[in-house]
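Chemist: Have a look at the structure that comes next, please.
We did not get these values from a lab; they are worked out from the coordinates using the rules stated. Note that the coordinates shown come from a computational prediction; the quantities given were computed from them, not determined experimentally. Cβ placement follows ideal geometry from the backbone for every residue including glycine, while neighbour counts extend to all protein chains displayed.
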Amino acid sequence: MSTKTDVATRDRAGELEAQTPPLIPPVDVTEDDTGITLLADLPGAVKESLSIDVNGDTLTIEAPLSLGDPPDLQAVYAEIRSGRYRRSFTLSRELDSQHIEASLKDGVLKLRVPKLEKARPRRIEVRAA
């Protein structure tokens with residue numbers, strides 16, 4: 001059974017979590033002739049709750065973060081206990097947002113965004129006349 005104080009404390013905690021700005025994960029972006037690769041560090045994120053959305057030319061990565069406490073220990077001080085990751089990118093028109101591939105391994109999200117065929121460099125063969 002909860003008291004009014006317990007409810008107020010839980011309400012304030014939820015309110016504070018909603019007001020807490022999201023964590024911005026560090027991301028490495030590399031480009032080659034066929035597209036770009038993004039590597040985002042998302043420690044504590046799980047595949048099932050990861051959200052990757054494309055809306056127009058904006059790619060957004062979101063994931064809740066819950067590191068939890070070890071079962072036998074109680075945290076005396078913790079800078080990050082829960083929260084969420086959020087990061088957005090503007091995709092250029094030469095990228096094919098319909099064919100993005102994503103994988104998550106060891107807390108690192110890998111996104112591969114290919115270039116459109118017409119944007120890829122091509123070699124022109126020169127024939128002897």
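Chemist: Figure the gain on full extension for THR20 and LEU39 (residue separation times 0.36 nm, minus the Cα-Cα span) and round it to one decimal in nm. Write out the running numbers ahead of the final one.
Modeler: Numbers: separation 19, 0.36 × 19 = 6.84 nm, distance 2.45 nm.
Roughly 4.4 nm would be gained on extension.
Chemist: In nm, to one decimal, how far is the modelled label at LEU91 from the one at LEU50, with both set 7 Å along Cα→Cβ?
Modeler: 1.6 nm
Chemist: Calculated FRET efficiency, ALA75 and ASP106, Cβ-Cβ r, R0 25 Å, to nearest 0.05? Walk me through the numbers on the way to the answer.
Modeler: On the way: r = 24 Å, r/R0 = 0.94.
Calculated transfer efficiency: 0.60.
Chemist: Continuing with this model, one more query. Once amide H atoms are built 1.01 Å from N in the peptide plane, which residues 5 or more positions from VAL108, or in another chain, come under 5 Å H to H?
Modeler: Placed amide hydrogens put LEU42 under 5 Å from VAL108.
Chemist: Here is a further query. Can you tell me the convex hull volume per residue for segment 22-119, based on C-alpha atoms, in Å³ to the nearest whole number?
Modeler: Working: hull volume 9.5 nm³, N = 98.
For segment 22-119, the hull spanned by Cα atoms encloses 97 Å³ per residue.
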